[in-house]
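The values are calculated or read from the model by the stated rules, or taken from the named source; none is laboratory data. As the structure is a computational prediction, the values presented were derived from the model and not from experiment. Neighbour counts run over all protein chains shown; Cβ positions are idealised from the backbone, glycine included. Ligands, DNA and RNA are excluded from the accessible area calculation, which covers all protein heavy atoms including side chains. Shrake-Rupley method; radii C 1.70, N 1.55, O 1.52, S 1.80 Å.
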Amino acid sequence: QVQLVESGGGLVQPGGSLRLSCAASGITFSFYAMGWYRQAPGKQRELVAIITRGGTISYADSVKGRFAISRDNSKNMVYLQMNVLKPEDTAVYYCNTKKMNVDYWGQGTQVTVSS
C-alpha cells in the first residue's frame with residue numbers, strides 16, 4: 001500500500017531554515033505528483049507546494065521565494081527546503097500524493113518557528 005513518511009521538522013528561530021523530507025513507497029513514484037501541505041492549530045490544511053511528475057512546480061503565495069520543493073525519483077523522495085522561516089509557518093507539515101483519486105498522507109512532522 002501507499003506509505004508516506006515525513007521527517008526533518010523541529011524548532012527553529014525566525015529567519016532560520018529547515019529541510020523536510022518525505023519517503024514514498026507503494027507507488028511508482030515518478031508517475032505521481034507530490035505535494036506538501038500544512039495545518040496550523042485551529043486552521044484548515046492548506047497546500048504549500050506541489051511538484052508534478054513532469055517537474056512543474058507551484059507554491060502558495062505565502063511561501064513563494066522562501067520555500068523550494070524538489071524530488072529525487074531515484075530515491076522515491078520529495079523535499080521541502082524552507083528558508084527565512086516566520087512564526088506563521090508554524091504547523092504540522094504533511095506529504096501528499098493522489099493515486100486513483102484517493103489522497104494519501106503521511107503522519108506529519110511538526111515545524112515550530114519561535115524565538
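Quick notes on this one:
- If the segment from S58 to M100 were pulled out straight at 0.36 nm per residue, it would be longer than the present Cα-Cα gap by 13.0 nm.
- Note on the chain: with neighbouring protein chains present and a 1.4 Å probe, carbon and sulfur make up 48 percent of its accessible heavy-atom surface.
- One quarter of the convex hull surface built on the alpha carbon atoms of the chain amounts to 6.8 nm², the projected area averaged over directions.
- A40 sits among other residues whose Cβ lies under 15 Å from its own Cβ, and their net charge, with Lys and Arg +1 and Asp and Glu -1, is +1.
- Accessible surface, per residue, of region 45-108 when the full set of protein chains is kept, probe 1.4 Å, Å²: 54
- Each label point was placed 7 Å from the Cα along the Cα-to-Cβ direction; for S25 and S115 their separation is 4.3 nm.
- Taking the average, over residues, of other Cβ atoms within 10 Å as the packing measure, peptides 5-16, 50-61 rank 5-16, 50-61 from highest down.
- All Cα pairs of region 26-86, percent lying beyond 18 Å: 37
- Pairs of Lys residues in the chain, spaced 8 or more positions apart or belonging to different chains, with C-alpha separations under 22 angstrom: 5 in total.
- Inter-centroid distance (Cα atoms) of region 20-43 relative to region 57-115, Å: 7
- Over 16 Å [Cα-Cα, region 1-55], rounded percent: 58
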